[in-house]
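Q: This structure is in structure tokens; I'll ask about it shortly.
The values are calculated or read from the model by the stated rules, or taken from the named source; none is laboratory data. Remember, it's a predicted structure, so these values are computed and weren't measured experimentally. Counting neighbours? That spans all protein chains shown, and the Cβs are built from the backbone with ideal geometry, glycine included. With ligands, DNA and RNA removed, areas are computed over all heavy atoms of the protein, side chains included. Shrake-Rupley method; radii C 1.70, N 1.55, O 1.52, S 1.80 Å.
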Amino acid sequence: LLYPWDKTSTYIKQPPFFEGMKAELESKKAIQDAHALLHLGDSVTTDHISPAGSIPRNSPAARYLASKGLSPRDFNSFGSRRGNDAVMARGTFGNIRLVNKFIGKAAPKTVHVPSGITLDVFDAAQEYASSGQDLIILAGKDYGCGSSRDWAAKGPYLLGIRAVIAESYERIHRSNLAGMGIIPLQYEDGETADSLGLTGKETFSVQMPADLKPRMRVQVTASSGKSFNTILRFDTEPELTYYRHGGILNYMVRKLAGVPV
């Protein structure tokens, strides 16, 4: 029995998590010359990341809903539209209190580094996607702190985030990133983006070995020529398995289908 998706609905939409998925495991694509979508500081919470509250009238989500013929009074809230990934992706990192070092003030904006243009976070992610560029996030201490929110991991996945490099993680959010197949990397003790001389406007290549082990060292090389080691924060073998499958959702589908996992 297949669910009869209503293509005209702006509340429930078929999610894209399984698009292009094959029964067999595919080799993981290397992260090469990735841009930082955001350069964040300490204590970025899941409220900063996950879409919440009413939908602002000048936001990417509002523009999407307007394109579907809705008036602002019918936009409703992100919570009511959490079944529509197109709305939720557009609201990810849409918190007006988000402080991005590229901007230097609180705003749900970032800089598209190749062009130097300041854009809404979703629009910048789309620009990078259109040119096939990988994306990462740079962050400080306690990345993902606060209450657990599944869209704080799903949203970055839909924006094309391949990895996060942070000084430390909130425990559950780190696990949620792993569950979406996003690589959580952690600076070695005493190192930060600032101490390494990173501006965030470099490109970054992540050297993921074929034989991965929990909490192993992984080298990152910036286009400035700076190389540094990070700790792979897949803390358990199951998390490595989820990563190889492209996330826990893909893993469970293959398992239910009887594919060896």
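Q: Among the numbered conditions (1) β-branched (Val, Ile, Thr); (2) within 18 Å of the chain's Cα centre (by Cα); (3) part of a strand (DSSP E or B), tell me where VAL87 comes up short.
A: Of everything listed in (1) β-branched (Val, Ile, Thr); (2) within 18 Å of the chain's Cα centre (by Cα); (3) part of a strand (DSSP E or B), VAL87 misses just condition (3).
Q: Would you tally the residues in the stretch 10-52 being modelled with pLDDT under 95 and of a type in the set (Gly, Ala, Ser)?
A: Final tally of qualifying residues: 5.
Q: Kindly provide the set of residues from the stretch 38-68 that are assigned to a loop (DSSP other than H, G, I, E, B) and of a type in the set (S, T, N, Q), ordered by number.
A: Within the stretch 38-68, SER43, SER50, ASN58, SER59 meet the criteria.
Q: Could you list, in sequence order, all residues of the stretch 155-175 that are part of a loop (DSSP other than H, G, I, E, B), of a type outside the set (S, T, N, Q) and over 8 Å from the mean Cα position of the chain (by Cα)?
A: The answer is GLU167, GLU170.
Q: Checking the condition of a type in the set (A, V, I, L, M), open to solvent by less than 50 Å² (accessible area, probe 1.4 Å) and part of a loop (DSSP other than H, G, I, E, B), which residue from ILE12, ILE96, ILE103 passes?
A: Answer to the check: ILE103.
Q: Mind checking which residues of the stretch 187-226 are hydrophobic (A, V, I, L, M, F, W, C) and in contact (Cβ under 8 Å) with a residue 24 or more places away in the chain?
A: ALA193, LEU196, LEU198, PHE204, VAL206, MET208, LEU212, VAL218, VAL220, ALA222
Q: Right, next: Output the residues belonging to the stretch 222-234 that are among the hydroxyl-bearing types (Ser, Thr, Tyr) and open to solvent by less than 40 Å² (accessible area, probe 1.4 Å).
A: Answer for the stretch 222-234, where residues must be among the hydroxyl-bearing types (Ser, Thr, Tyr) and open to solvent by less than 40 Å² (accessible area, probe 1.4 Å): just THR230.
Q: For the stretch 118-125, state whether one or more residues are among the aliphatic types (A, V, I, L, M), over 13 Å from the mean Cα position of the chain (by Cα), over 17 Å from THR203 (Cβ atoms) and assigned to a strand (DSSP E or B).
A: yes
Q: Just to be sure I understand the filter: pairs with C-beta atoms under 6 Å, separated by 6 or more residues or on different chains, first member in the stretch 237-261 and over 16 Å from LYS154 (Cα atoms) and open to solvent by less than 60 Å² (accessible area, probe 1.4 Å), second member small (Gly, Ala, Ser) and part of a loop (DSSP other than H, G, I, E, B). Which pairs pass?
A: Listed by first residue and then by second, the contacts come to VAL259/ALA23.
Q: Condition test on SER205, is it within 15 Å of GLN32 (Cα to Cα), over 16 Å from the mean Cα position of the chain (by Cα) and either among the hydrophobic types (A, V, I, L, M, F, W, C) or part of a loop (DSSP other than H, G, I, E, B) (or both)?
A: no
Q: Among the residues of the stretch 154-172, how many are open to solvent by less than 50 Å² (accessible area, probe 1.4 Å) and closer than 22 Å to PHE102 by Cβ?
A: Total satisfying the criteria: 13.
Q: Kindly evaluate ASP189 against the criterion of being at pLDDT 95 or above, among the charged types (D, E, K, R), open to solvent by less than 60 Å² (accessible area, probe 1.4 Å) and assigned to a loop (DSSP other than H, G, I, E, B).
A: It is false that ASP189 is at pLDDT 95 or above, among the charged types (D, E, K, R), open to solvent by less than 60 Å² (accessible area, probe 1.4 Å) and assigned to a loop (DSSP other than H, G, I, E, B).
Q: Tally time: how many residues in the stretch 43-65 are within 17 Å of the chain's Cα centre (by Cα) and either under 30 Å from GLU191 (Cα atoms) or surrounded by fewer than 15 Cβ atoms within 10 Å (Cβ to Cβ) (or both)?
A: Residues that pass the stated criteria total 8.
Q: Look through ILE231, ILE137 and report the one residue that is within 21 Å of ALA89 (Cβ to Cβ) and either at pLDDT 95 or above or part of a strand (DSSP E or B) (or both).
A: The unique qualifying residue is ILE137.
Q: Hey, can you tell me all the residues within the stretch 69-84 that are part of a helix (DSSP H, G or I) and within 23 Å of GLY160 (Cα to Cα)?
A: Passing the criteria: GLY79, ARG81.
Q: OK, next. Taking the stretch 192-216 only, how many residues are exposed (fewer than 14 other Cβ atoms within 10 Å of the Cβ) and basic (Lys, Arg)?
A: 2
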